[in-house]
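Read the structure below first, then the notes.
The values are calculated or read from the model by the stated rules, or taken from the named source; none is laboratory data. Bear in mind that the values here come from a model prediction, so they are computed numbers and not experimental data. With ideal geometry, Cβ positions are generated from the backbone for all residues, glycine too; neighbour counts draw on all protein chains shown. Note: accessible area is taken over every heavy atom of the protein model, side chains too, but ligands, DNA and RNA are not part of it. Shrake-Rupley method; radii C 1.70, N 1.55, O 1.52, S 1.80 Å.
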Amino acid sequence: MKIGDTLSIGDIERLAKRRLPRVIFEGITSGVEDERGVTRNEAEFHRYRLLPRHLIDVSMRDQSTTLFGRSYASPFGISPTGVAGIFRRDAELMLAQAATAAKVPFIMSGASMVSIERIAQIASANTWFQMYAARDQKISDDFLRRVRAAGFGTLVLTVDNPVLPRRERDMRNGFRLPPKLAPFALLEALMHPNWVIDYLRQGGMPVMETWAPYAAPQASAAEVARFFRTQSPTIQTWRELEGFRRAWSGKLVVKGIMRPSDAVRCIELGVDGIIISNHGGKALDRAPASIEVLPHIKAAVGDGLVVMLDSGVRRGSDIIVARCLGADFVFLGRATLYGVAAAGLAGASRALDILREEIDITLGLIGCPRFEQLGPDFLLSDDGEHRAASGGPLDVIAERRKEMV
Ligand SMILES: Cc1cc2nc3c(=O)[nH]c(=O)nc-3n(C[C@H](O)[C@H](O)[C@H](O)COP(=O)(O)O)c2cc1C
């Protein structure tokens, strides 16, 4: 299969699986401990069905969405994925380019292998910067300076990794910073010669350019990676968040919020938005799925905060479900990472195109021409619960169900 023949994110994932050595591919798919969180993230989306409204003119459909005063062509963007350059050299640049072409936001990871300055050259208007605060405050301050100079308007603070989670699969595979692959993994890699040849020809593991200025001069890729690990993860508290709010005058987003009370506290501190996230199942294995907590958080914050979500999104219809439950915007991590790993820029763009088309078709099929008009009225959950206020169309179904029992 070629990238142009892929029809779904699942197809793109299979293509990435073929290209990458198994332990490298699993660095994308892996979760933590028993990896139940990864499965839960997707399963919770499947609990919802969309209730179509028919005999509506859906000849013109519009999924453009306004976020922080900017109009985006679609209601989704690219989540930050660190060390993407391991999967393909300069993957971060390709993700930024694909997002720019699709007119959606790209969140550059603070653990990127491409520098802030190189990303800024090709995509500053739609790039947000995700920061892992450093143990050394001077480094964090310098990151803010560079991000400001790059012209990125939005800073994202990730708070769900205060300590290093146990990614057991990665530990068994030797997938870490810098990678130290077990002999079985090296043998298996020979079955993916194209990836191995590209990796070796380009000099092996790329340097984490975002962190290189703070490591020793002329430090190797492995030394910069080790330096990064001495600075991150770091414990952050509400006090540090207050400090970031004072120091950063642009939009401030906190990523990894799961509790309604934490979301309310973010409003009190002047945070502009949150991304409900469990790091795609790569942080706490027993965390709830983002889509499970979304309605509770939305009920707690109302319109006081921009509420975004990631973790487990694989279809355009997942994005529609999230919107019906109150999300203002949705992000995806693995979907575009599979794309860029499988086929570079063309692969990342293909993933975005597929999601865009799936949203477009779903809007038509459910009789809602504008994405921004979606609401709970379109949702039916597994337990037969209809999300609309009483008096809504499904009260009739609820009555019928009772009659059938
Ligand atoms: C390989 C990989 C690297 C990641 N690196 C980061 C990172 O550097 N910073 C961060 O905030 N989240 C990181 N994440 C989490 C993503 O931003 C996002 O929350 C998650 O992938 C969403 O789930 P999904 O993959 O099911 O879409 C990473 C995820 C993956 C798969």
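Quick one: Debye curve from the C-alpha atoms of segment 177-231, no solvent, what's log10 I(q)/I(0) at q = 0.13, 0.15, 0.19, 0.31 Å⁻¹?
-0.41, -0.52, -0.73, -1.16
Can you give me the relative contact order of segment 121-190 as a percent, contacts being Cα pairs under 8 Å and 6 or more apart?
On the way: 41 pairs, mean separation 21.3, N = 70.
About 30 percent, as a whole number.
Would you grab the residues whose amide H sits under 5 Å from the one on residue 62? Only those 5+ places off in sequence or on another chain, please, with H modelled 1.01 Å from N.
370, 371
Could you calculate, for segment 74-150, the ratio of the Cα radius of gyration to the Kirkwood radius, expressed as Rg to Rh?
Numbers: Rg = 12.1 Å, Rh = 12.6 Å.
Result: Rg/Rh = 0.97.
With θ set to phi - 60°, apply the Karplus curve 6.51 cos²θ - 1.76 cosθ + 1.60 along segment 278-288 and write out the HN-Hα couplings as whole Hz, x wherever there is a Gly or Pro.
Values per residue, Gly and Pro as x: 10, 6, x, x, 9, 10, 9, 5, 9, 5, x Hz.
Decide, for segment 26-121, between rounded, prolate and oblate: order the square roots of the alpha carbon gyration tensor eigenvalues as a ≥ b ≥ c, take rounded if a/c falls under 1.5, and otherwise choose prolate if a/b is larger than b/c, else oblate.
Oblate, since a/c reaches 1.5 and b/c is not below a/b.
Kindly provide the helix-only [θ] at 222 nm of the chain, computed as the sum of -39,500 (n - 2.57) over DSSP H runs of four or more divided by all residues, to the nearest 500 deg cm²/dmol? Walk me through the numbers on the way to the answer.
On the way: 16 runs with 178 residues, N = 405.
Here the helix-only value at 222 nm equals -13500 deg cm²/dmol.
Each residue of segment 192-202 in turn: what ³J(HN,Hα) in whole Hz from Karplus with 6.51, -1.76, 1.60 and θ = phi - 60°, glycine and Pro shown as x?
Rounded to whole hertz, the list is 10, x, 4, 5, 5, 5, 4, 4, 6, 4, 8.
For segment 246-377, calculate the relative contact order in percent as a whole number, restricting contacts to Cα pairs under 8 Å that are 6 or more residues apart.
Details: 193 pairs, mean separation 25.5, N = 132.
Here the relative contact order equals 19 percent.
What residue among 200, 228, 335 has its Cα farthest toward the positive end of the dipole of segment 200-343, where the charges are +1 on Lys, Arg and -1 on Asp, Glu, each on the Cβ?
With unit charges placed on the Cβ atoms, the residue in question is 200.
Can you quote the Å³ per residue value for the convex hull of the Cα atoms in segment 208-292, rounded to an integer?
On the way: hull volume 11.5 nm³, N = 85.
Output value, Cα hull per residue: 135 Å³.
Over the chain, what relative contact order in percent results from Cα pairs under 8 Å that are six or more residues apart? Please report the intermediate quantities before stating the final value.
Working: 783 pairs, mean separation 110.4, N = 405.
Normalised by residue count, the contact order of the chain is 27 percent.
Please return the longest stretch of the chain lacking exposed loop sites, where GluC sites (Glu not before Pro) count only if DSSP places them in a loop and at most 16 other Cβ atoms lie within 10 Å. Don't skip to the end; give the middle numbers.
Values: sites that count: 33, 385.
It runs 34-384.
Starting at the first residue of segment 343-352, write each ³J(HN,Hα) from the Karplus equation 6.51 cos²θ - 1.76 cosθ + 1.60 with θ = phi - 60°, in whole Hz, x for Gly and Pro.
8, x, 4, 4, x, 5, 5, 4, 4, 5
Two-decimal Rg/Rh of segment 236-338 from alpha-carbon positions, Kirkwood Rh? Mind showing how you got there, number by number?
Values: Rg = 13.5 Å, Rh = 14.0 Å.
The Rg/Rh ratio comes out at 0.97.
If you fit an axis through the alpha-carbon atoms of helix 91-102 and take the longest principal axis of the Cα set of the chain, what angle between them do you get, 0 to 90°, nearest 10?
30 degrees
With +1 on each Lys and Arg Cβ and -1 on each Asp and Glu Cβ, and nothing else charged, work out how big the dipole of the chain is about its Cα centre, in Debye to the nearest 20.
On the way: 52 positive and 47 negative charges, 183 e Å.
The calculation lands at about 880 debye.
Under 22 Å Cα-Cα from residue 103, which lysines qualify once same-chain neighbours fewer than 8 residues away are excluded?
251, 255
For the chain, give the percent of accessible area contributed by carbon and sulfur heavy atoms, probe 1.4 Å, rounded to a whole number. Don't skip to the answer; put the middle values down first.
On the way: 9550 of 17810 Å².
The value for the chain is 54 percent carbon and sulfur by accessible area.
At 1.4 Å probe size, with every protein chain present, just tell me what the per residue accessible area of the chain comes to in Å². Walk me through the numbers on the way to the answer.
Numbers: 17810 Å² over 405 residues.
About 44 Å² of surface per residue is accessible.
Along its three principal axes, how long is the chain when you only count alpha carbons? Whole Å, largest extent first please.
Ordered largest first, the chain gives principal extents of 71, 50, 39 Å.
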